[in-house]
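This report refers to the structure that appears directly beneath it.
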Amino acid sequence: RYFTKMSYDRAITVFSPDGHLFQVEYAMEAVKRGSSVVGVRGIDCVVLGVEKKAVAQLQDPRTIRKIAKLDDDLTIAFAGFTADARVLIEKARLEAQSFRLTCEDAPSIEYMARFIAKMQQSYTQRGGVRPFGVSSMIGGFSKDKLPQLYLTDPAGTYSAWKAYAIGGRSEKAVQEFLEKNWSANLSEADSIRLTVKALMEVVDSGSKNMDLAVMKFGVPVKMVTSEELQEVISDIEREQEEAKKSVAESAPIDSTV
Amino acid sequence: FEMDSTFGITGEGFAILAADASAARSILVFKHDQDKIVALDSHKLLVGAGTAADCVNFNEYISKNMKLYELNNDLQLTTKSAANFIRGELATALRKGPYQTNLLLAGYDSTPSSQNGSVSLYVMDYMASLSKTDYGAHGYASNFILSVMDREWRKGMNLTEVLEVAKKCIHELNTRFMISQPVFIVKLVDKDGTRVIDINNP
């Protein structure tokens, strides 16, 4: 009596009896399997650092990019499925230009974060689609020139952060490191240092394993060169060596048997 | 439609686009500082003559689409690609609701291997014709100044010489064109990008 619809109307993301959306949670697991992204907000800058996983010998490393421009003044770094991120980023770029065309003004970072989050949420509530396996960190500035860092996740939540980490071997460990070490009013150099230190918690040190982007108001986003990065890393390693030495020197010699 | 005076001239390694700065409707002039020349990206200029709404709307639409292309592909379109894209948009709209705008596109393309890039000028009209030229003009003004340019233009002119030709064109208009257009905005594109220049003091 009833016609069966040959359309994709069966939802994939449904509630479990105890109120979980397992597809969304599984998507977050996919994010954890991606490589690390660290975002730090300084007093007048935003730094996004990403872990560069080792590339296969025959692959061109320049074609793997985790940091992308959404617009002239907005930069995004993502963790999770690269293909899903590519789709999200292209939709976001189109939305940014569309906004500029209709409103003759650049979209705020909050608007873009909200747009991406809305897109991610809609894919948890539609028939026939699965959530995006992507979390992203967006860096930019408000009209008052204040640095801003936004996070989006597969559930479609978006929030603003002073510093955060997503993806990688141990998200939690890096997040705790940032909580302990972030302070307000970090200079550009200190923000870079903090980002690199946070990444070094989970990444083998070496400038070939990291990429860093620095955003300042009114200036195009700058990718830190591998020479500059190596300098910062060497400096941090030296500092850590000296800290270890002084601990060893000041420890009393245990003469008890 | 034809009241707007716009023209473009190429020189050695650069091109200029000039447009009258009057915004008018019927017998009333709204302003004498209307900038009709838009920078599509760091090394391209587009000037539209015609119905102000269509010109502005179309130019903005083109410039945002080119920006999107730039972001998605991490490289700029060549002048030739841009010209063909623009012409394609005009052609698609032609049988639906044409854009009433005549365009001149000037752009500088650097070649990755050498320092010497090339400059090109494209003339397009509202019916989606496209041609690459050394110099061009639109509107009633073209009746007067194409002959001036035919006589004065030579290959390989430097900026001073090209501006002399431009000055002669504007002088011709001020002498013989019924519509008074006291102010012209002139912009230049070369390897360093686009900028406004003062015709008397480059």
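Summary of computed values
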{"item": "Selection from segment A:83-102 of residues that are polar (S, T, N, Q) and over 13 Å from B:K67 (Cβ atoms)", "result": "A:T102"}
{"item": "Those residues of segment A:14-63 which are at pLDDT 90 or above, of a type in the set (S, T, Y) and part of a helix (DSSP H, G or I), in sequence order", "result": "A:Y26"}
{"item": "Among (1) of a type in the set (D, E); (2) within 14 Å of chain B (Cβ to nearest Cβ); (3) surrounded by 15 or more Cβ atoms within 10 Å (Cβ to Cβ), the one test that A:E110 misses", "result": "(2)"}
{"item": "Among (1) buried (at least 20 other Cβ atoms within 10 Å of the Cβ); (2) farther than 27 Å from A:L178 by Cβ; (3) not charged (D, E, K, R) - the single one A:V47 does not satisfy", "result": "(2)"}
{"item": "Members of segment B:35-86 that are in a loop (DSSP other than H, G, I, E, B), within 14 Å of another protein chain (Cβ to nearest Cβ) and among the acidic types (D, E)", "result": "B:D74"}
{"item": "Filtered residues of segment A:37-86 (kept if under 17 Å from A:A163 (Cβ atoms), of a type in the set (A, V, I, L, M) and within 14 Å of chain B (Cβ to nearest Cβ))", "result": "A:I67, A:I76"}
{"item": "Residue ID - modelled with the highest pLDDT, chosen from residues in segment A:193-224 that are under 17 Å from A:I64 (Cα atoms) and in a helix (DSSP H, G or I)", "result": "A:N209"}
{"item": "Residue selected from segment A:88-107 under the condition of a type in the set (A, V, I, L, M) and within 12 Å of chain B (Cβ to nearest Cβ), by the criterion farthest from A:A155 (Cα to Cα)", "result": "A:L101"}
{"item": "Strands (runs of 3 or more DSSP E) enclosed by segment B:128-202 - at least 1 residues per element that are of a type in the set (S, T, N, Q)", "result": "B:130-133, B:193-197"}
{"item": "Evaluation of A:I116 against (1) within 14 Å of another protein chain (Cβ to nearest Cβ); (2) under 23 Å from A:G156 (Cα atoms) (one fails), failing number", "result": "(1)"}
{"item": "Unique match (being in contact with a Gly (Cβ under 7 Å, 6 or more places away or on another chain) and of a type outside the set (S, T, Y)) among B:N72, B:N102", "result": "B:N102"}
{"item": "Pick from segment B:6-58, criterion among the small types (G, A, S) and farther than 29 Å from B:G117 by Cα, ranking: surrounded by the fewest Cβ atoms within 10 Å (Cβ to Cβ)", "result": "B:S26"}
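Quick grid of which residues meet (1) touching an Asp or Glu at 6+ places or on another chain (Cβ under 8 Å); (2) crowded, with 24+ Cβ neighbours inside 10 Å; (3) not acidic (D, E):
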site	(1), (2), (3)
A:P131	no, yes, yes
A:S135	yes, yes, yes
A:G139	no, yes, yes
A:D144	no, no, no
A:Q148	yes, no, yes
A:D153	no, no, no
A:T157	no, no, yes
A:A165	yes, yes, yes
A:E176	no, no, no
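The values are calculated or read from the model by the stated rules, or taken from the named source; none is laboratory data. Just so it is clear, the structure is predicted and the values come from calculations on it, not from any experiment. Counting neighbours? That spans all protein chains shown, and the Cβs are built from the backbone with ideal geometry, glycine included.
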